[in-house]
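*Asks:* Below: one structure in structure tokens.
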Amino acid sequence: MSRSLLPAVLSVLLAVLLSACSLPAAQGPAPATLPYQLKVVAEGLEFPWSLAFLPDGRMLVTERPGRLRIIARDGSLSPPVTGVPAVFAKRQGGLLDVVLDPAFERNALVYLSYSEGDVLGMAGTAVARGKLVDNALTEVEVIYRQFPKAEGGLHFGSRLVFAPDGTLFITQGDRYIHKEGAQDLATDYGKVVRINPNGSIPLDNPFVRNPAARPEIWSYGHRNLQGAALHPKTGALWTHEHGAMGGDEINLDEAGRNYGWPVITWGVDYDGSKIGEGTTRDGMQQPLHYWVPSIAPSGMAFYTGDAFPKWRGSLFVGSLKFGYLDRISLDGNRIVGEQQLLTEIGERIRDVRVGPDGYVYVTTDLKQGRVLRLEPPQ
């Protein structure tokens, strides 16, 4: 090559190299498209625990420290609703579930579950109801109190579900240090109970004629139930409960059945030691599903809306431990698959509800908690 051509050749090579360096870096696989878009409905809530949808499009939301608020259609929050009972707001205790009476449009009744303290520092799960008038609960009455109260601030439950016959299911915990009481029909520890809306006892409850049993008991042998919902086709009560280290359960909750805690469990104690006798025993029910490791489940809803046709028939459960919403696929009563949603936000999911609009609503269990809505993607 002649010396006269060398500068030109070097200039061309340099231009090619600079051009190559300016090319965009190779891209990895595109992130999977989410099957929903996420909208913030309300924020600035302190450990929001539960949601209920008012007929006019507003929502009620409980905050565990003891406040009930109304979320307007624009997401703004009311001042705390007055008339709410005083709560035992320690550790897991506080204001918990909220549901509307099935005849709310006629009677304006709202039901609240909460931990109730006494002058001795003891506490237990309680349920009260009152009429919602503007921003106040009026004519408030306590319709249920767990018996007996106990020390400590753990394992209160509690979810409220109205049955098709108008009776009210109340889930509650074993109060942690009284786990053996879950097998004792003389206490309400670790029980699902069933009462009439005014607090009286249905005459067809399974133990109503057993003088050694609490007449309100529906099922027993539970640990700490924070999820309950009626199956949309069968009307059966489904519940879930926290295990210890492993052994969270989903159960088909039937009258008079013993669900085994603490005699049988699929988990172990927090120090790794064995609990009870093992995983099975005659006369004790097996769960429909269990998780090992524990996901710390809270909230439960069957999807019956139209906004997400592919989700119809799914069961939703929130995970406090891992911060996701579990969409569970069902074949009858069999769990056949799970899909983790909301992993992109990683926030503790406390409650999940399906709104009248067919969208899925969740609350996040944080000091600065939120109400979020899952909508179909654009």
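The values are calculated or read from the model by the stated rules, or taken from the named source; none is laboratory data. Please read all numbers here as calculations on a predicted model, not as lab measurements. Every residue, glycine as well, gets a Cβ built from its backbone with ideal geometry; the counts of neighbours run over all protein chains shown.
*Asks:* Six or more apart or on different chains, Cβ atoms under 6 Å: show the pairs whose first residue is in segment 138-153 and under 11 Å from THR125 (Cα atoms) and whose second is among the hydroxyl-bearing types (Ser, Thr, Tyr).
*Replies:* GLN146/THR125
*Asks:* Could you give me the residue pairs with C-beta distances under 6 Å whose first residue belongs to segment 331-348 and is farther than 14 Å from ARG370 by Cβ, whose second residue is at pLDDT below 95 wherever it lies, and which are 6+ apart or on separate chains?
*Replies:* none
*Asks:* How many of the residues making up segment 281-333 are surrounded by fewer than 20 Cβ atoms within 10 Å (Cβ to Cβ), within 18 Å of PRO35 (Cβ to Cβ) and of a type in the set (Asp, Glu)?
*Replies:* Qualifying residue count, segment 281-333: 1.
*Asks:* Next question. Report yes if LEU366 is in a loop (DSSP other than H, G, I, E, B) and either surrounded by fewer than 18 Cβ atoms within 10 Å (Cβ to Cβ) or of a type in the set (Phe, Trp, Tyr) (or both), otherwise no.
*Replies:* Judged against the criteria, LEU366 is a match.
*Asks:* Whether any residue in segment 330-337 is in a loop (DSSP other than H, G, I, E, B) and more than 21 Å from GLU180 (Cα to Cα) is what I want to check.
*Replies:* yes
*Asks:* List pairs: first residue in segment 188-199 and among the β-branched types (Val, Ile, Thr), second residue surrounded by fewer than 20 Cβ atoms within 10 Å (Cβ to Cβ) anywhere in the structure, Cβ distance under 9 angstrom, at least six positions apart or on different chains.
*Replies:* ILE195/ILE143; ILE195/THR167; ILE195/ILE201; ILE195/PRO202
*Asks:* Still on this structure, please answer the following. Take LEU154 and tell me if it is in a loop (DSSP other than H, G, I, E, B) and closer than 30 Å to TYR270 by Cβ.
*Replies:* Criteria met by LEU154.
*Asks:* Between a residue in segment 95-111 that is at pLDDT 95 or above and any residue that is in a helix (DSSP H, G or I), which pairs come within a Cβ distance under 7 Å, given they are 6 or more apart or on different chains?
*Replies:* That search, which allows pairs on different chains as well, returns ASP101/ASN107.
For every residue, the table says whether it meets (1) surrounded by fewer than 22 Cβ atoms within 10 Å (Cβ to Cβ); (2) hydrophobic (A, V, I, L, M, F, W, C); (3) assigned to a strand (DSSP E or B); (4) in contact with a strand residue (DSSP E or B) (Cβ under 8 Å, 6 or more places away or on another chain).
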{"residue": "LEU96", "(1), (2), (3), (4)": "no, yes, yes, yes"}
{"residue": "VAL127", "(1), (2), (3), (4)": "no, yes, yes, yes"}
{"residue": "GLU139", "(1), (2), (3), (4)": "yes, no, yes, yes"}
{"residue": "PRO148", "(1), (2), (3), (4)": "yes, no, no, yes"}
{"residue": "PRO164", "(1), (2), (3), (4)": "yes, no, no, yes"}
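*Asks:* Among the residues of segment 104-129, which ones are in contact with a Pro (Cβ under 9 Å, 6 or more places away or on another chain) and under 23 Å from GLY299 (Cα atoms)?
*Replies:* PHE104, LEU109, TYR111, LEU112, TYR114, GLU116, GLY124, ALA126, ALA128, ARG129
*Asks:* Just a yes or no: is a residue in segment 68-75 without any contact (Cβ under 8 Å) to a residue 24 or more places away in the chain and of a type in the set (Gly, Ala, Ser)?
*Replies:* Taking every residue of segment 68-75 in turn, at least one turns out to be without any contact (Cβ under 8 Å) to a residue 24 or more places away in the chain and of a type in the set (Gly, Ala, Ser).
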